[in-house]
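**Q** This is the structure I want to talk about, given as structure tokens.
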Amino acid sequence: MGHSILKAQNLSKVVPSAEGELTILHELSLDLHKGDSLAIVGASGSGKSTLLGLLAGLDLPSAGAVTLAGRDLSQLDEDQRARVRAEHVGFVFQSFQLLDSLNALENVMLPLELDGRADARDIARSLLERVGLGKRLTHSPRQLSGGEQQRVAIARAFAAEPDVLFADEPTGNLDSHTGERISDLLFELNKERGTTLVLVTHDERLAHRCRRLIRLDAGRLVGPLEP
Ligand SMILES: Nc1ncnc2c1ncn2[C@@H]1O[C@H](COP(=O)(O)OP(=O)(O)OP(=O)(O)O)[C@@H](O)[C@H]1O
Ligand SMILES: [Mg+2]
């Protein structure tokens, strides 16, 4: 029996809308152990990104609780949640959220520098090489294609060696060959470092490489927890 790294209990998210309150996530529970991999699948608008944001402590649920690395996120203020994220979490957003004023190398170096790592540059360079961008180190995000920006975002998320890596459509903008390479890299990390993976994906192959799979339908969990 592994150690619980991420636990959600009866998570709900209700948002205001013109027609009154809209429930976009209904009482969802799950429990992941160190080294687990989870795919979250479902149609557009089913609540996948919402769930990811709640699990990573970027957003707060309307009801229910998330325990990440032993901390109950609902008991923490925003600064404390940010600290738990910095220490334990890597996140690859659906929109990549790279800093335009920094080049590719600097974007990946940033979390390492914040962590006080003297070898930030070397680690960042080798991660960019692993995602196939060794020749794009000094390009700014604007000078990169969508798939290249996505790979920089993935390298940046890897940089801080998170306990849990959340990724929203990590292969969404990539051709199948590059997508496969990125999947390989995710699972290497999972294996080498015991990084827990939580992936939102429409990519069937990637979803089925995960040990567990959940499907959302209009904010409700449907289907089995095992692929
Ligand atoms: N802050 C908000 N206010 C109102 N509605 C919201 C809010 N955030 C999300 N929604 C709605 O909740 C639903 C779920 O959104 P979410 O972004 O989680 O979907 P998704 O499964 O990630 O979809 P996609 O595959 O298109 O990325 C959508 O219908 C969306 O319009
Ligand atoms: Mg989404």
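Just so it is clear, none of the values below were taken in a lab; they were calculated from the coordinates. Quantities reported herein were computed from a predicted structural model and do not represent experimental measurements. When we count neighbours, we look across all protein chains shown, and the Cβ atoms used for this are built from the backbone with ideal geometry, even at glycine.
**Q** What do you get for the angle between helix 146-159 and the principal long axis of the chain? Use alpha-carbon atoms, 0 to 90 degrees, nearest ten.
**A** Taking Cα atoms only, the helix is inclined about 80 degrees.
**Q** At 7 Å along the Cα-to-beta-carbon direction for both D175 and D77, put a label point, then send me their distance in nm to one decimal.
**A** Distance between label points: 5.1 nm.
**Q** Using θ = phi - 60° and the Karplus form 6.51 cos²θ - 1.76 cosθ + 1.60, what ³J(HN,Hα) does each residue of region 93-98 get, whole Hz, x for Gly and Pro?
**A** So the Karplus estimates, Gly and Pro as x, are 7, 5, 9, 5, 6, 7 Hz.
**Q** Roughly how far apart, in whole Å, are the Cα centres of region 28-74 and region 152-199?
**A** Centre-to-centre distance over Cα atoms comes out at 17 Å.
**Q** Also, quick follow-up: Can you figure out the FRET efficiency of R220 with E113, using R₀ = 41 Å and their beta-carbon distance, to the nearest 0.05?
**A** Numbers: r = 42 Å, r/R0 = 1.02.
Between R220 and E113 the formula returns 0.45.
**Q** Round to the nearest 10 and give me the degree value, 0 to 90, for the angle of helix 120-130's Cα axis relative to the longest principal axis of the chain.
**A** The two axes meet at around 80 degrees.
**Q** Then there's this: Which lysines, if any, have their Cα less than 22 Å from the Cα of K48, not counting same-chain residues under 8 positions apart?
**A** Cα-Cα hits under 22 Å: K7, K13, K34.
**Q** Relative to the longest principal Cα axis of the chain, at what angle does helix 104-114 sit, 0 to 90 degrees, rounded to 10?
**A** 70 degrees
**Q** What aspartates and glutamates could a cross-link reach from K191, if we take a straight Cα to Cα line under 17 Å and drop same-chain neighbours fewer than 8 places away?
**A** Hits, sequence-local ones excluded: D36, E161, D163, E180.
**Q** Which ³J(HN,Hα) values, rounded to whole Hz and listed in residue order, are derived for region 194-201 from phi using the Karplus coefficients 6.51, -1.76 and 1.60 in 6.51 cos²θ - 1.76 cosθ + 1.60 with θ = phi - 60°, glycine and proline given as x?
**A** Those phi angles translate into x, 5, 7, 10, 10, 10, 8, 7 Hz.
**Q** At 0.36 nm per residue, minus the direct Cα-Cα distance, what do E192 and S126 gain on full extension? Give it in nm, one decimal, please. Show your work: numbers first, answer last.
**A** Working: separation 66, 0.36 × 66 = 23.76 nm, distance 1.60 nm.
Extending this stretch completely gives an extra 22.2 nm.
**Q** In which sequence would L189, L76 go, from the one with the fewest C-beta neighbours within 10 Å to the one with the most?
**A** Working: L189 20, L76 16.
Ascending number of Cβ neighbours within 10 Å: L76, L189.
**Q** If each of E87 and S62 carries a label point 7 Å out from its Cα toward its Cβ, how far apart are those two points in nm?
**A** 3.2 nm
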